[in-house]
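A.B. asks: Structure provided below as structure tokens; questions to follow.
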Amino acid sequence: MSGWLRRRTYLRTNDRKPHYDVVIIGGGGHGLATAYYLAARFGITNVAVLERSYIGSGGTGRNTTILRANYKTPSTIRFFKASFDMYAGLAGELDYNMLRSERGLFWLAHSELQMQNQIERALQNQTFGVNTVYLSPDEIQRICPQLDMSGGGSRPIMGAAYHPPGSTIRHDAVAWAYASQAQRRGVHIHQGVSVIGVRVEHGRCVGVDTTAGHIGAGAVVSAVGGYVTLVADMVGLELPIITHPLQAFVTESYRPALDPIVASADLHIYVSQSARGEFLIGAEIDPYTSYSTRSTYPFLSSAAARSLELFPFLAKLKILRQWTGVCDMTPDYSPLMGVTPVESFYLSSGWGTWGFKAIPASGIAMAELVATGKVPPLIEAFALDRFERDRAVSERASAGTH
Ligand SMILES: Cc1cc2nc3c(=O)[nH]c(=O)nc-3n(C[C@H](O)[C@H](O)[C@H](O)COP(=O)(O)OP(=O)(O)OC[C@H]3O[C@@H](n4cnc5c(N)ncnc54)[C@H](O)[C@@H]3O)c2cc1C
């Protein structure tokens, strides 16, 4: 195998050190990006990422790959726009082709109230320099002639917020790119190592207990996606997070037929076509709490039926596969990141159904926080104590399917 192929494709195995300056729990996009930026931007290379399975095996490798910045509150628009802009240059920075593809994204309105909501979204986005416009049914149909504008006869499409930069990007490539570039700068990535305890002495986090023994740490970052309450429990921290499963499925491949991504909050469904030609359909979280990644038939039949209301031609296609991830949902549908009451124990969490697009901005902000001890202004609004200060950042309307 040629040198560059080995360098790009495979991670090296490192001997575990007894102590690292920073230990990151979780080898998803957020953990790996934090490790990369610690090394690349702040010169902190004595860093370990501990992943109990393989990198990208959590939500990072299970999501529907959508990138967008069309949020609704000033704090979230600023944050997700920063991340979206970073994604645009990421392939160059990490020297890795991630198949980023600008597709345009529709947020459909099926009622007068939703029209008002989508007009508000467009205006709010424009105020913060995000390209979102409100379109009439004729304009929607011109860009997306495949849409059944009657919404299956019961949900007529009355307008939409259209976000032309809305994109997709290859999710596992994002994890691999951050991992390989972090490792090239000296970061250790230990796969198959599970954290089973977090040690706190005199109010300060000093390391982790793992299935491979104790590892000391100057700082510990929890970036474990839907499993965050289990890790927080290890330091006696109760979080306002509930884990829910989120499912998706793809059809068999079809010729390129759908360029934009189409989301309907009324039908609780979104549809796109992948580079492989599969139609990718996602929906809302399952209503029950669970860590299970088992897929269900009720979800499949209901989501498939709802997707036909928008795209009747999908009825001719077979379903190829379905899968499930678990999501760390906050009450306000915004991230939860930053410091905690335990000194040197940090959280990158609350990524719910929306966290893949946040990986670059969260990674760099978390790295800055750990390196400097100062909370970057970009993430101040997402602090854990916002709930007791009555400063929730309400983004429920921006979860795509709510
Ligand atoms: C079906 C689906 C569709 C989605 N679609 C989108 C989308 O289109 N756009 C978007 O922005 N977001 C989307 N999301 C959300 C997004 O995938 C997540 O928010 C994001 O991937 C979270 O990344 P993470 O790095 O925090 O967690 P993860 O990627 O889940 O990584 C956490 C890692 O921690 C590891 N871990 C857990 N516990 C331990 C432990 N004790 N010790 C060591 N390791 C541990 C896990 O094995 C895992 O690999 C979707 C999610 C799902 C499930």
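Every number in this text was worked out from the coordinates using simple rules, so none of it is lab data. Every value quoted in this text rests on a predicted model; they were computed, and no experiment measured them. Backbone-built Cβ (ideal geometry, glycine too); neighbour counts: all protein chains shown.
A.B. asks: Looking at the calculated P(r) for the stretch 281-402, what percent of the C-alpha pair distances fall above 26 Å?
C.D. replies: Numbers: 2661 of 7381 pairs.
The proportion of pairs with Cα distances above 26 Å equals 36 percent.
A.B. asks: Tell me, what HN-Hα J-couplings in whole Hz come from the Karplus equation 6.51 cos²θ - 1.76 cosθ + 1.60 at θ = phi - 60° for each residue of the stretch 338-350, using x for Gly and Pro?
C.D. replies: x, 7, 10, x, 8, 4, 6, 10, 10, 10, 10, 8, x
A.B. asks: In degrees between 0 and 90, to the nearest 10, how far off the longest principal axis of the chain does helix 112-127 point, with axes built from Cα atoms?
C.D. replies: That helix lies at roughly 50 degrees to the long axis.
A.B. asks: Quick one: give the max-minus-min coordinate of the C-alpha atoms of the stretch 77-139 along each principal axis, largest first, in Å.
C.D. replies: Taking the Cα atoms of the stretch 77-139, the three principal extents are 46, 24, 14 Å.
A.B. asks: Another question about this same structure. Residue-wise, which Karplus ³J(HN,Hα) couplings in Hz belong to the stretch 138-155, taking 6.51 cos²θ - 1.76 cosθ + 1.60, θ = phi - 60°, and x for glycine or proline?
C.D. replies: Per-residue couplings from phi come out as 4, 5, 5, 5, 5, 7, 10, x, 6, 6, 7, 5, 8, x, x, x, 10, 10 Hz.
A.B. asks: OK, next. Can you give me the Kirkwood hydrodynamic radius for the chain, using every pair of distinct Cα atoms, in Å to one decimal?
C.D. replies: Its Kirkwood hydrodynamic radius stands at 21.5 Å.
A.B. asks: Here is a follow-up. Hey, in the GNM for the chain with a 10 angstrom Cα cutoff, which one of Thr127, Thr65, Thr73 fluctuates hardest?
C.D. replies: Its mean-square fluctuation being the largest, the pick is Thr127.
A.B. asks: As a test of understanding, state the convex hull volume per residue of the stretch 207-334 from its alpha carbons, in Å³.
C.D. replies: Value for the stretch 207-334: 159 Å³ per residue.
A.B. asks: How high is the FRET efficiency from Gln126 to Tyr297, r the C-beta distance, R0 45 Å, rounded to 0.05?
C.D. replies: According to the calculation, E is roughly 0.60.
A.B. asks: Right, something else. Between beta-carbons, use under 14 Å as the cut-off and find the net charge around Ser154, counting Lys and Arg +1, Asp and Glu -1.
C.D. replies: -1
A.B. asks: Same structure, new question: Counting alpha carbon pairs within less than 8 Å and at least 6 residues apart, what relative contact order, in whole percent, applies to the stretch 1-159?
C.D. replies: 16
A.B. asks: Can you tell me which aspartates and glutamates have their Cα less than 20 Å from the Cα of Lys374? Leave out same-chain residues fewer than eight positions away.
C.D. replies: Asp21, Glu343, Asp385
A.B. asks: Report the full-extension gain for the segment Ile119 to Asp148: residue separation times 0.36 nm, less the Cα-Cα distance, to one decimal in nm. Present the calculation step by step, with values, prior to reporting the outcome.
C.D. replies: Working: separation 29, 0.36 × 29 = 10.44 nm, distance 2.15 nm.
My answer for the length gained is 8.3 nm.
A.B. asks: Applying the Karplus parametrisation 6.51 cos²θ - 1.76 cosθ + 1.60 with θ = phi - 60° to the phi angles of the stretch 165-170, what ³J(HN,Hα) value in whole Hz is obtained for each residue in order, glycine and proline being reported as x?
C.D. replies: In residue order, the calculated couplings are x, x, 9, 10, 8, 5 Hz.
A.B. asks: Considering the options Val370, Cys327, Gly216, tell which one lies farthest towards the positive end of the dipole of the chain, charges being +1 on Lys and Arg and -1 on Asp and Glu at the Cβ, about the Cα centre.
C.D. replies: The one lying farthest along the dipole's positive direction is Gly216.
A.B. asks: Now a separate question. Which whole number of Å³ per residue matches the convex hull of the alpha-carbon atoms in the stretch 1-125?
C.D. replies: Convex hull of Cα atoms, per residue: 164 Å³.
A.B. asks: I need the calculated FRET efficiency for the pair Glu201 and Arg321, taking r as the beta carbon distance and R₀ as 51 Å, to the nearest 0.05.
C.D. replies: 0.65
A.B. asks: Treating only the Cα positions of the stretch 295-342 as identical point scatterers, give the base-10 log of I(q)/I(0) from the Debye formula at each q in 0.28 Å⁻¹.
C.D. replies: -1.08
A.B. asks: Straight-line reach from Lys81: which lysines fall under 17 Å, measuring Cα to Cα and dropping same-chain residues less than 8 apart?
C.D. replies: Candidates past the 8-residue exclusion: Lys72, Lys357.
A.B. asks: Can you give me the long-range amide H partners of Ile24? Hydrogens built in the peptide plane at 1.01 Å from N, cutoff under 5 Å, separation of 5 or more residues or another chain.
C.D. replies: Correct list: Ala48, Val49, Leu50, Val221.
A.B. asks: If Lys and Arg each add +1 and Asp and Glu each add -1, what is the summed charge of the other residues whose beta carbon sits under 9 Å from the beta carbon of Glu368? The partial results should precede the final answer.
C.D. replies: Working: positive: Arg41, Lys374; negative: none.
Counting the neighbours of Glu368, the net charge comes to +2.
A.B. asks: Can you tell me how the stretch 104-160 classifies by the Cα gyration tensor, rounded, prolate or oblate, using a/c under 1.5 as the rounded cut?
C.D. replies: Numbers: a/c = 3.06, a/b = 1.59, b/c = 1.93.
It is oblate, given that a/c is not under 1.5 and a/b is not larger than b/c.
A.B. asks: Separate question: Suppose a student asked you for the relative contact order of the stretch 197-331, using Cα pairs under 8 Å spaced at least 6 residues apart; what percent would you report?
C.D. replies: 28
A.B. asks: Tell me, in nm to one decimal, what length is gained between Asp233 and Tyr10 on full extension, where the rule is 0.36 nm per residue of separation less the Cα-Cα distance?
C.D. replies: Contour length minus the Cα-Cα distance gives 76.9 nm.
A.B. asks: Okay, next question. Quick check: the angle from helix 29-42's long axis to the longest principal axis of the chain, C-alpha only, nearest 10 degrees?
C.D. replies: Relative to the chain, helix 29-42 is tipped by roughly 60 degrees.
A.B. asks: Going by C-beta contacts inside 10 Å, put Ser301, Ser75 in order with the fewest on the left.
C.D. replies: Least crowded to most crowded, the residues run Ser301, Ser75.
A.B. asks: Then there is this: Please give the per residue volume of the convex hull enclosing the alpha carbon atoms of the stretch 318-383, rounded to a whole number of Å³. Provide the component values of the computation, followed by the final result.
C.D. replies: Numbers: hull volume 7.5 nm³, N = 66.
So the per-residue Cα hull volume is 114 Å³.
A.B. asks: Give, to the nearest whole percent, the P(r) tail of the stretch 36-87 beyond 14 angstrom, counting all Cα pairs.
C.D. replies: Working: 930 of 1326 pairs.
Roughly 70 percent, once rounded to a whole number.
A.B. asks: A further question on this structure: Could you work out the relative contact order of the chain, using alpha carbon pairs under 8 angstrom and six or more residues apart, expressed as a whole percent?
C.D. replies: 24
A.B. asks: Let me ask another. Relative to the present Cα-Cα distance, how much length would full extension add between Glu102 and Tyr254 at 0.36 nm per residue of separation? Provide the component values of the computation, followed by the final result.
C.D. replies: On the way: separation 152, 0.36 × 152 = 54.72 nm, distance 1.95 nm.
In short, 52.8 nm is gained.
A.B. asks: Based on Cα positions only, what radius of gyration and what Dmax would you give for the stretch 154-243, in angstroms?
C.D. replies: Radius of gyration, then largest Cα-Cα span, for the stretch 154-243: 19.7, 61 Å.
A.B. asks: Next question, about the same structure. Once the other residues with Cβ under 14 Å from the Cβ of Asp85 are scored (Lys, Arg +1; Asp, Glu -1), what is the net sum?
C.D. replies: +3
A.B. asks: If you fit an axis through the alpha-carbon atoms of helix 171-184 and take the longest principal axis of the Cα set of the chain, what angle between them do you get, 0 to 90°, nearest 10?
C.D. replies: So the inclination is approximately 20 degrees.
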